[in-house]
Structures are given as C-alpha cells and as structure tokens.
Ligand code: AMP
Ligand code: ZN
Ligand code: FE
Ligand code: FE
C-alpha cells in the first residue's frame, strides 16, 4: 500500500491537471493520493472522476494558508465539507488576498524593470482557482527574465526580496477549529521546515493538539532525516498522527516526485477514523443506525 497525502494540481500551483496528476500517481504505483491544492477544493470533482477511472483511492484535501506569530504556516485539511459556511468564507478571504496581491507584485516587478503584466500572470495561471507567486514566477520564466521558479523566489518573490508582498492568512488555531467544524481533519504541513520550527516547538504542538490538530507531516523534503526522527518522537509523545508525502507540484518543484515520501496505512486509517468522528460531530450524526 503506497499512500501520498500532499499533492498540487493546476487548480493551484501544480503544473498538471487533476486528471493528469491522478494518472501520474497510478503510473508511479500509488494506491492512495490526496489532492491538496492551496486554499481551494475546486479540483476535487475532476480528481474523483479520474481516480475512479484509474482505480486508485482519492482523499479530498487542501492546504490552507495559515499564520502563526507572523510566520507563514501551512495546514493540510482532509475531508472537510467544502460547502461549510465558515470554511468557505475563510477560503474566500484567503483567495481574495491572493488575487489582490498579483497587481501589487506586478507593479513592484515593473518598477524593477520587468515587462510582466497582470494579463500575462492570468494567462499563465489559466484555470487556477488559487493564484500564487509560482504563477508570477512562471510568467517571468516565460518572458526570459529568470531561468526557473526557484530563481524568481530567490531573487524577487521570496519573503524579504524586493517584489515580495504580504497577504492575509488564517490564524492557525482558527483554521484548525474551522476544519474540525467542517467535519475535517487537520495535519500541519512540513512544520519543521523553512524556518517555522521555532514557532512550533513541542509545547506549542501540544497546545494545538488540544485545539484539534490531529497530525503532523513528518516525512517531507523540507525535513532532514534527523529532523524527521525528532518530529516523529514528538508526534508519538503527543499522540499525533504521522504522515509522509511528496508535496508534488508537477514540474513546478524539483525533487518532489510523487511517492518520494509516503504515509503508513495505519496512519491513514487513524486519519480516516478521526475524520469520521469529526464529520459525525459536525452533522449531529451519532453514527448509530436504527435497525
Ligand atoms: P504563495 O502561495 O503565493 O504564497 O507561494 C508559495 C508557494 O510557492 C508554495 O506552494 C511553495 O510550494 C512555492 N514555492 C516556494 N518557494 C519556492 C521555490 N523556491 N521554488 C518553487 N516554488 C516555491
Ligand atoms: Zn505550492
Ligand atoms: Fe506547503
Ligand atoms: Fe504543498
């Protein structure tokens, strides 16, 4: 059983359609894949159809842009009701922040001498429901102004770089509570990668578990092996589910091939069981059946 619970499609900043992603997952020998586009559930229906056709399991998920003590933190949410009013409102607000940021980034880049336009970013983003810096980066690549996404982030778009523009993200505890209210399950994405470790020490993870956090992504390319070992020990102490995933973005991110990290079947079972309970609580269904 090979399980990958963190992937992106063109519905956010991956480079494959949901159908192409699911086909690639089957070809990579995966049995279960979660589609976790940034801040949107818009890819779920297409992914579900494709998963049915190729005969692999799909877990409907998303990766929510959250914020903890001013730092950007990503929260994976699995199996929430996409139409839950609180969740839908939170995601709308995040996507509005994404949309509003594009002309601001374009203006900064033009001041720096770029020929980029908002129309070009829109064209590159195509069907994306959640537009992001990777699309701006791709537009710059298309104009021949940078070589690849990575260079655009390093020189221009990363935090602290000249074309960086902040945007609204959901306070982390609020995001966790909202996911649970929507009948879903929360797992912190790459919590100890890219400078967020100091904001999320064991004591804070324990508090978040009390708020409703169900798990942490342990195996991820942003975590060195030693970090994975330490985080796994913390997860076990706190009773948190441990996941492992690729964070695949098609060709948009190197070294994140499908299945490069995977989740143990028992961990997926625990996650699904927890989602079942959250859903029952959210819908008032006690799980009892009259018969
Ligand atoms: P945004 O969602 O607009 O804040 O942009 C963040 C996204 O860009 C995340 O999904 C990352 O996966 C992606 N990203 C961050 N740094 C890089 C990089 N150096 N190269 C390619 N993608 C990146
Ligand atoms: Zn991404
Ligand atoms: Fe992430
Ligand atoms: Fe991701």
Given Cα pairs under 8 Å that are at least 6 residues apart, what percent is the relative contact order of the range 95-157?
29
Could you work out how far helix 265-283 tilts from the main Cα principal axis of the chain, as a 0 to 90 degree angle to the nearest 10?
80
State the Cα centre-to-centre distance between the range 206-264 and the range 129-156 in whole Å.
26
If one builds a Gaussian network model of the chain from Cα atoms under 10 Å apart, the most fluctuating residue listed among 181, 51, 28 is 28
Give, in nm to one decimal, the length gained when the segment between residue 277 and residue 111 is fully stretched (0.36 nm per residue of separation minus the Cα-Cα distance).
54.5 nm
Once both labels are modelled 7 Å past Cα along the beta-carbon direction, what's the residue 122-residue 238 spacing in nm?
4.2
Contour minus end-to-end for residue 229 and residue 83, with contour as 0.36 nm per residue of separation and end-to-end as the Cα-Cα distance?
48.8 nm
Tilt, helix 133-142 to longest principal axis of the chain (alpha-carbon atoms), in degrees rounded to tens, equals 40
Whole-Å semi-axes of the chain's equivalent ellipsoid (Cα gyration tensor):
31, 21, 19
Give the angle, between 0 and 90 degrees and rounded to the nearest 10, that separates the Cα long axis of helix 202-211 from the longest principal axis of the Cα atoms of the chain.
70
Cβ-derived FRET efficiency at R0 25 Å, residue 197 paired with residue 269, nearest 0.05
0.35
Given contacts defined as C-alpha pairs under 8 Å and at least six residues apart, what's the relative contact order of the range 202-279, whole-number percent?
29
Grab the beta carbon distance between residue 2 and residue 174, set R0 = 35 Å, and tell me the FRET efficiency rounded to 0.05.
0.55
If one computes the Cα centroid of the range 67-81 and of the range 175-190, what distance in Å separates the two points?
7
Sort the following peptides by mean Cβ neighbour count (other Cβ atoms within 10 Å, averaged over residues), highest first: 240-247, 161-168.
240-247, 161-168
Pairs of Cα atoms under 8 Å, at least six residues apart: use those to get the relative contact order of the chain, whole percent.
23
Scaled radius of gyration (Cα, divided by 2.2 N^0.38 Å) that the range 179-260 gives
1.11
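Bear in mind that the values in this text are calculations on the coordinates, not laboratory data. Since this is a predicted model, take the numbers as computed values, not measurements. Note that we place each Cβ from the backbone using ideal geometry, even for glycine, and neighbour counts take in every protein chain shown.
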